Number of protein chains: 2
Amino acid sequence: MQVAIVLYPGFTSLDVIGPYEVLGRLPDTEVVFVAERPGLVVNDLKSLSIDVVATLADVTTPDIVLVGGGPGQMEQMSNHALLEWLRTTDRTSSWTTAVCSGSFLLAAAGLLDGRRATTHWAALDQFAQFGVTPSKERVVVDGHYATAAGVSAGIDMALTLSGLIAGDDVAQTVQLIIEYAPEPPYSAGSVDTAPAAVVENAKRVMAG
Amino acid sequence: MQVAIVLYPGFTSLDVIGPYEVLGRLPDTEVVFVAERPGLVVNDLKSLSIDVVATLADVTTPDIVLVGGGPGQMEQMSNHALLEWLRTTDRTSSWTTAVCSGSFLLAAAGLLDGRRATTHWAALDQFAQFGVTPSKERVVVDGHYATAAGVSAGIDMALTLSGLIAGDDVAQTVQLIIEYAPEPPYSAGSVDTAPAAVVENAKRVMAG
């Protein structure tokens, strides 16, 4: 099984590394990071550079496609080469997936028309403009599309997919290897549970 | 504030990227990935390469030191340059921290003598040999040392540290930005809750 994880300048690292750490541990699985051009791809915080060897043209029939989000996603919305690659690979993929604002790229490629999907909480109300039925769930599976809410939700999505692909025993084994028994010290991870002042702070920070 | 994250060949990516995504979002904070030599550092799964510009010699007084784990940690146990760097930076750091088996490197440097600390569940019973008092907690803070259990626990540790460093409001804002309201699809993330067969599977997989 081949998993292709798309990178672009300004990606959010945990969006992709969370699912990578899970899917990369499935049996007989190769993960390849892909980008439009080979070389270093720099993240949103500007302090992490991942070296990408494979271009979109090199990876044509991955079993799983995964697109993360991040501030750089906006620029990619008009990247016709990427959108065309998403449409093409989707024809043969077992799963086409996105984390956080990466789901807007699937939507821009026309892949989520009439589908239920999720994205980062701060962007959820813009989702309907793309013909998507927005869901507040953390992980949404509709057809062969899987989408995750913001950033860290990609871990939950990847474990859900792992169960569907390789069975509950394998998925649970990966969960135990990465000791994923989360204990956040606060309950501020969702707009429904965060204090109102924290929601306002987060919106302000994300607006730059 | 400067955060130095140590990389070495065979690191586990989520060990470092989880905390990076949190600490990198604190106000007025610079994160620098450091390694013994500049260039690409390849992870345990061999499919991810991070480009490192700063060497250990370049970063001498970080405020926070973070060492992740991974199979490559074993080889680093006899890397005297790294262990000496950990001892030296620890003299001036506000926090010296580790995730997963990275805590064995702090122990090998002599920094955890008589301290309570945690590590990946599969290695916890070897910890006492290093003069450490092993704890089954997910995040342990003792003095200016913070340690996290396996892989994904680094996210919880980094949020705990963020609260201690920047206050609850800032830590909660970061938690909401990364939408960290985890919903694992299984409860197999801890040896205490995973089915016995899953624990055996995980041990077998990790033994290679």
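The numbers here are math on the coordinates, done by the rules we state, and not lab data. Remember, it's a predicted structure, so these values are computed and weren't measured experimentally. Backbone-built Cβ (ideal geometry, glycine too); neighbour counts: all protein chains shown.
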- Message: Quick check on this structure: which one of B:Glu183, B:Glu200, B:Glu179 is of a type in the set (Asp, Glu) and on the phi > 0 side of the Ramachandran plot?
- Response: B:Glu179
- Note on the structure: For the range B:123-136, pairs from a residue that is under 13 Å from B:Cys100 (Cα atoms) to a residue that is basic (Lys, Arg), with Cβ under 6 Å and 6 or more apart or across chains, are B:Ser135/B:Arg116
- Filter pass, B:Val191 being part of a helix (DSSP H, G or I) and either touching a residue at least 12 places away in the same chain (Cβ under 8 Å) or over 25 Å from B:Arg25 (Cβ atoms) (or both): no
- Message: Can you list residue pairs whose Cβ atoms sit under 8 Å apart, with the first residue in the range B:163-184 being facing chain A (nearest Cβ under 7 Å) and the second being assigned to a loop (DSSP other than H, G, I, E, B) and among the β-branched types (Val, Ile, Thr)? Count only pairs 6 or more apart in sequence or on different chains.
- Response: B:Leu176/A:Val191; B:Ile177/A:Val151; B:Ile178/A:Val151; B:Glu179/A:Val151; B:Tyr180/A:Val151; B:Ala181/A:Thr193
- Can you name the residue in the range A:5-14 that is in contact with a Leu (Cβ under 8 Å, 6 or more places away or on another chain) and away from chain B (no Cβ under 11 Å) and is also surrounded by the fewest Cβ atoms within 10 Å (Cβ to Cβ) among such residues? A:Tyr8
- Query: So which residues in the range B:183-208 are surrounded by fewer than 18 Cβ atoms within 10 Å (Cβ to Cβ) and not hydrophobic (A, V, I, L, M, F, W, C)?
  - Reply: B:Glu183, B:Ser187, B:Asp192, B:Thr193, B:Pro195, B:Glu200, B:Lys203, B:Arg204, B:Gly208
- When the residues of the range B:15-66 are filtered to those that are among the β-branched types (Val, Ile, Thr) and out of contact with any Leu (no Cβ under 9 Å at 6 or more places or on another chain), which remaining residue is nearest to B:Val151 (Cα to Cα)? B:Val32
- Residues of the range A:164-182 being charged (D, E, K, R) and buried (at least 17 other Cβ atoms within 10 Å of the Cβ), which ones? A:Glu179
- the range A:110-126, subset crowded, with 22+ Cβ neighbours inside 10 Å and more than 14 Å from chain B (Cβ to nearest Cβ), residue nearest to A:Arg91 (Cα to Cα): A:Leu111
- Out of all the residues in the range A:141-162, which are more than 12 Å from chain B (Cβ to nearest Cβ), on the phi < 0 side of the Ramachandran plot and surrounded by fewer than 24 Cβ atoms within 10 Å (Cβ to Cβ)? A:Asp142, A:His144, A:Tyr145
- Query: Taking only pairs six or more apart or across chains, which ones have beta-carbon atoms under 7 Å, a first residue in the range B:1-28 that is closer than 22 Å to B:Gly39 by Cβ, and a second residue that is in a helix (DSSP H, G or I) and among the aromatic types (Phe, Trp, Tyr)?
  - Reply: B:Ile5/B:Tyr20; B:Ser13/A:Tyr20
- Query: Based on what the data block shows, is A:Ala202 closer than 16 Å to B:Glu21 by Cβ, at the interface with another protein chain (Cβ under 8 Å from one of its Cβ atoms), out of contact with any Asp or Glu (no Cβ under 7 Å at 6 or more places or on another chain) and not in a strand (DSSP E or B)?
  - Reply: yes
- Note on the structure: Checked the range B:15-67 for anything surrounded by fewer than 15 Cβ atoms within 10 Å (Cβ to Cβ) and part of a helix (DSSP H, G or I); matches are B:Ala57, B:Asp58
